[in-house]
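Derivation of every value follows stated rules applied to the coordinates shown; laboratory data play no part. Please read all numbers here as calculations on a predicted model, not as lab measurements. Cβ sites come from the backbone with ideal geometry, for glycine too, and all protein chains shown count toward neighbours.
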Amino acid sequence: MKSKGVKLRPRPKEIVIDRPAGLVFATEKELYQHFQPKIDFLEQQYQTLVKDDDLKEEEVPKVGKLLDLTLDEPAEIWHDDKTFKEFPIFHFIRPLDDLNAFHVAVTYVSSDDEPTFIFLHFVTKDLELVSQYRRGDLVYDRTFEEVGFGAIDGDALGDGDPVAMGLFLSMLKLRAETDVPFEQFQNLGEECREETIETADEIWKANDLRGNTLVTFIKDFADHEIKDLHYVAVTQEDPSSQMHTLLFSFPTSDTQLLDRYRHGENLQAEEVSQESSH
């Protein structure tokens, strides 16, 4: 029988971090007591890494709003399963172009793939500090969304290789708007890539600014329906084995872009070892 006139005490609202993992708390105090040792460890680690002349929190407007943006629209997410043995943590990183800085958030990610607890977050101009939080496995890279259309099975671009992605982005910035449309990259790659590597008209070898040895294969497809079509395959040479990893490839009818890949040492095809494409 339902009693009348009895006021029931409302049940306290749960704080759910990760229900399948048993991380459900009755109060914020209980929540922070549970995670405080991890928070302290990460804070101490950060204090040993941050430089005295780095950005201070008061120099960064609307830090709270920055956190929401970084969690919703990160540029990188790193899965770190080494820092704590009990569970992995995730590092969300987003560049702040207006400040020439980066925002880094160290988080717990639930079984639903949602960041549900923030251990630490900060803004920094120090690239060395940012690199300390690029540890573990890179599970998301926004850059790949910009270059994925150019990835062809078997190349390093498709694996999210940072060297390949950086060089491919540089190429995109240089190409003319009237060049071969992006939607034709896949079909032309399947049609032209292997022939370019196997029977190149030109092979050029040069070092990039980071010291990587790049060997570029170029072939003229003069009979193709696309006027002035050339195909370019860029590989990275291992200095010890002299074998090549295929970084990326692309079609172009832009002669100015093509000339940018004609630099360094001009090799004859038979002088280049082609044991490995990737």
Cα extents of the stretch 58-106 per principal axis, largest first, Å, are 36, 20, 17
Toward the positive end of the charge dipole of the chain, about the Cα centre and with charges on Cβ (Lys, Arg +1; Asp, Glu -1), which of Ser241, Ala75, Phe35 goes farthest?
Phe35
Using only Cα positions of the chain, each an equal point scatterer, no hydration layer, compute I(q)/I(0) via Debye at q = 0.07, 0.13 Å⁻¹ and quote the log10 values to two decimals.
-0.41, -0.95
Computed on Cα atoms only, the convex hull of the stretch 15-135 has an orientation-averaged projected area in nm² of 7.7 nm²
So if I take the alpha carbon set of the stretch 144-271, get Rg, then get Rh from the Kirkwood formula, what is the Rg over Rh ratio?
0.93
Taking the dipole about the Cα centre of the stretch 99-228, with the C-beta of Lys and Arg at +1 and of Asp and Glu at -1, give me whichever of Leu174, Ile197, Ala222 is farthest to the positive side.
Leu174
As straight-line cross-link partners of Lys205, the qualifying lysines (C-alpha separation under 21 Å, not fewer than 8 residues apart within one chain) are Lys219
Once phi is turned into θ = phi - 60°, what whole-Hz ³J(HN,Hα) does the Karplus curve with 6.51, -1.76 and 1.60 give for every residue of the stretch 129-140, x standing for Gly and Pro?
5, 4, 4, 5, 9, 8, 10, x, 9, 6, 9, 8
Do the sum for the chain: with -39,500 (n - 2.57) for every DSSP H run of n ≥ 4, divided by all residues, what is the mean residue ellipticity at 222 nm, to the nearest 500 deg cm²/dmol?
-8500 deg cm²/dmol
Result: in the stretch 15-135 the number of Lys pairs with C-alpha under 19 Å apart, spaced 8 or more or on different chains, is 8
Taking amide hydrogens as modeled 1.01 Å from N in the peptide plane, which residues meet the under 5 Å criterion relative to Leu247, leaving out close sequence neighbours?
Ala156, Val234, Thr235, Gln236
Which whole-angstrom value gives the distance between the alpha carbon centres of the stretch 213-251 and the stretch 120-148?
29 Å
Give me a comma-separated list of calculated 3J(HN,Hα) values for the stretch 105-111, in order, Karplus coefficients 6.51, -1.76, 1.60 applied at θ = phi - 60°, integers in Hz, x for any Gly or Pro.
10, 9, 10, 9, 10, 6, 4
How long is the gain from His224 to Lys82 if the chain were fully straight, where each residue apart is worth 0.36 nm and the alpha carbon distance is subtracted?
45.9 nm
When the dipole is taken about the Cα centre of the chain, and only Lys, Arg (+1) and Asp, Glu (-1) are charged at their Cβ, what size is it in debye, to the nearest 20?
2420 debye
Count charges around Asp126 for me, please; just the other residues with Cβ under 12 Å from its Cβ, Lys/Arg as +1, Asp/Glu as -1.
-2
